[in-house]
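Chemist: Have a look at this one before I ask anything.
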Amino acid sequence: MTRGYRLYYWPGLPGRGELVRVVLEDAGAPYEDVARLPEAEGGGVTAVLPFYEGRAPGHPIFAPPVLVVDEELVLAQTPTICLFLGRRHGLCPADEPGWLHANQLQLTLSDLVDEVHQTHHPIAVSLYYEDQKEAALACARAFREQRLPKYVRYFERVLQHNGGDVLVGDAVSYVDLTLFQLLCGLEYAFPRAMAQLAPEVPGLLALRDRVAARPKLAAYLASPRRMAFNEDGIFRCYPELDGAI
Ligand SMILES: N[C@@H](CCC(=O)N[C@@H](CS)C(=O)NCC(=O)O)C(=O)O
């Protein structure tokens, strides 16, 4: 049996796969990023499809990312994968109220991810952005004006409530790593809206910078393994959705 972690996620986009990668990388945990291998070596979309289509062994999953642990445990749902890794690698409070609050915050960040995706796909995931652009403009406007401020102000409040250094517990957790990735994505997709909100969330922005400077994560961010945001992912740079056009 091959022991260790195997990550299965759509190649070519950072998406939710990147939320798992930042935890693995900050933990210094070796993993195989299977779908990023060439097809000839068992990678590519072909590696992900058996999970997505229900043909892979192990507990059935609904949608990637998937983490296979020691070729035995098959995990999906990004918050569950990150909670599992966080608890295993000292990136999560150990006490019950602590990890429950971590999970609560992670699920709220996951809701935010869903709402970001909805800004460019408000009608159907199966339709192209161009085919739902009118609805996307309205959805993105409501997101920028109402939901985005509500989310970031909430997380600033959580941070200050916890003393200002980290979101939960007394050390950096997987939730802070997810927040880091989401702030990077929001600044990529909504630079104008985020610039307007910046004065209200100084604590979050400082936390983002502290997380980025953590040695293992910093090494990852500077490496070719780090996947840049692009217009196939969740965070897309469509200036019209940022109110820039
Ligand atoms: N709530 C799930 C959402 C998973 C999800 O939507 N995955 C996307 C890629 S980021 C996907 O492959 N969706 C295909 C589908 O829903 O059919 C999570 O957080 O992991």
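The values are calculated or read from the model by the stated rules, or taken from the named source; none is laboratory data. Quantities reported herein were computed from a predicted structural model and do not represent experimental measurements. Here the Cβ positions follow ideal geometry from the backbone for every residue, glycine too, while neighbour counts run over all protein chains shown. Each accessible area value is taken on the protein alone, full model and side chains, heavy atoms only, with ligands, DNA and RNA left out. Shrake-Rupley method; radii C 1.70, N 1.55, O 1.52, S 1.80 Å.
Chemist: Kindly indicate whether any position in segment 123-143 is open to solvent by 90 Å² or more (accessible area, probe 1.4 Å), within 20 Å of residue 237 (Cβ to Cβ) and in contact with a helix residue (DSSP H, G or I) (Cβ under 9 Å, 6 or more places away or on another chain). Working first, answer last.
Modeler: First, pick out the residues of segment 123-143 that are open to solvent by 90 Å² or more (accessible area, probe 1.4 Å): 123, 125-126, 128, 130-131, 134, 141.
Of the ones still in play, those that are also within 20 Å of residue 237 (Cβ to Cβ) are 125, 128, 130-131, 134, 141.
With the extra rule that they be in contact with a helix residue (DSSP H, G or I) (Cβ under 9 Å, 6 or more places away or on another chain), the set shrinks to 125, 141.
Checked against the condition, which is being open to solvent by 90 Å² or more (accessible area, probe 1.4 Å), within 20 Å of residue 237 (Cβ to Cβ) and in contact with a helix residue (DSSP H, G or I) (Cβ under 9 Å, 6 or more places away or on another chain), segment 123-143 yields at least one hit.
Chemist: Considering only segment 210-238, state which residues are among the aliphatic types (A, V, I, L, M) and within 14 Å of residue 12 (Cβ to Cβ). Don't jump to the end; show me each part of the working.
Modeler: Taking segment 210-238 first, the residues among the aliphatic types (A, V, I, L, M) are 211-213, 217-219, 221-222, 227-228, 234.
Of everything in segment 210-238, those that are among the aliphatic types (A, V, I, L, M) and within 14 Å of residue 12 (Cβ to Cβ) turn out to be 227, 228, 234.
Chemist: Go through segment 117-129 and give me each residue that's more than 11 Å from the ligand (Cβ to nearest atom) and under 14 Å from residue 15 (Cβ atoms).
Modeler: 120, the sole residue that qualifies.
Chemist: If a residue has to be assigned to a loop (DSSP other than H, G, I, E, B), more than 13 Å from the ligand (Cβ to nearest atom) and open to solvent by 20 Å² or more (accessible area, probe 1.4 Å) to count, how many in segment 43-56 make the cut?
Modeler: To start, the set of residues in segment 43-56 that are assigned to a loop (DSSP other than H, G, I, E, B) comprises 43-44, 53-56.
From what is left, the residues that are more than 13 Å from the ligand (Cβ to nearest atom) are 43-44, 55-56.
Applying the additional criterion that residues be open to solvent by 20 Å² or more (accessible area, probe 1.4 Å) yields 55-56.
The total comes to 2.
Chemist: For segment 91-122, how many residues meet the condition of being open to solvent by less than 70 Å² (accessible area, probe 1.4 Å) and in contact with a helix residue (DSSP H, G or I) (Cβ under 6 Å, 6 or more places away or on another chain)?
Modeler: So the answer is 14.
Chemist: Then there is this: Output the residues belonging to segment 19-42 that are open to solvent by 30 Å² or more (accessible area, probe 1.4 Å) and either under 11 Å from residue 174 (Cα atoms) or without any contact (Cβ under 8 Å) to a residue 12 or more places away in the chain (or both). First the steps, then the outcome.
Modeler: From segment 19-42, those open to solvent by 30 Å² or more (accessible area, probe 1.4 Å) are 28, 30-32, 36-42; that's our starting set.
Within segment 19-42, 37, 38, 39, 40, 41, 42 qualify.
Chemist: Within segment 71-85, track down each residue that is away from the ligand (no atom under 12 Å from the Cβ) and not in a helix (DSSP H, G or I).
Modeler: If the condition is that a residue be away from the ligand (no atom under 12 Å from the Cβ) and not in a helix (DSSP H, G or I), then 71, 72, 73, 74 are the ones that fit.
Chemist: Would a scan of segment 21-43 turn up a residue that is hydrophobic (A, V, I, L, M, F, W, C) and closer than 21 Å to residue 112 by Cα? Walk me through it before giving the result.
Modeler: The first filter runs over segment 21-43 and keeps only residues hydrophobic (A, V, I, L, M, F, W, C), leaving 22-24, 27, 29, 34-35, 37, 40.
Applying the additional criterion that residues be closer than 21 Å to residue 112 by Cα yields 22-23.
Yes.
Chemist: Just give me the residues in segment 57-87 being in contact (Cβ under 8 Å) with a residue 60 or more places away in the chain, over 23 Å from residue 152 (Cβ atoms) and either open to solvent by 80 Å² or more (accessible area, probe 1.4 Å) or under 20 Å from the mean Cα position of the chain (by Cα) (or both), in sequence order.
Modeler: If we filter segment 57-87 for residues that are in contact (Cβ under 8 Å) with a residue 60 or more places away in the chain, which is where we start, we get 67-72, 78, 81-83, 85-86.
With the extra rule that they be over 23 Å from residue 152 (Cβ atoms), the set shrinks to 67-72, 81, 85.
The answer is 67, 68, 69, 71, 72, 81, 85.
Chemist: Kindly indicate whether any position in segment 90-105 is within 16 Å of the ligand (Cβ to nearest atom), at pLDDT 95 or above, within 25 Å of residue 183 (Cβ to Cβ) and in contact with a Lys or Arg (Cβ under 8 Å, 6 or more places away or on another chain). Walk me through it before giving the result.
Modeler: Residues of segment 90-105 that are within 16 Å of the ligand (Cβ to nearest atom), as a first pass: 102-105.
Within this subset, residues satisfying the condition of being at pLDDT 95 or above are 102-105.
Remaining after also requiring within 25 Å of residue 183 (Cβ to Cβ): 102-105.
Subsequent filtering for residues that are in contact with a Lys or Arg (Cβ under 8 Å, 6 or more places away or on another chain) retains none.
Looking for residues that are within 16 Å of the ligand (Cβ to nearest atom), at pLDDT 95 or above, within 25 Å of residue 183 (Cβ to Cβ) and in contact with a Lys or Arg (Cβ under 8 Å, 6 or more places away or on another chain), one finds none in segment 90-105, hence no.
Chemist: Exactly one of these conditions fails for residue 198: (1) under 27 Å from residue 94 (Cα atoms); (2) open to solvent by 20 Å² or more (accessible area, probe 1.4 Å); (3) in contact with a Leu (Cβ under 9 Å, 6 or more places away or on another chain). Give me its number.
Modeler: (1)
Chemist: I'm trying to understand the selection: among the residues of segment 1-18, which are under 23 Å from residue 112 (Cβ atoms), hydrophobic (A, V, I, L, M, F, W, C) and either away from the ligand (no atom under 16 Å from the Cβ) or open to solvent by 10 Å² or more (accessible area, probe 1.4 Å) (or both)?
Modeler: Across segment 1-18, the qualifying residues are 10, 13.
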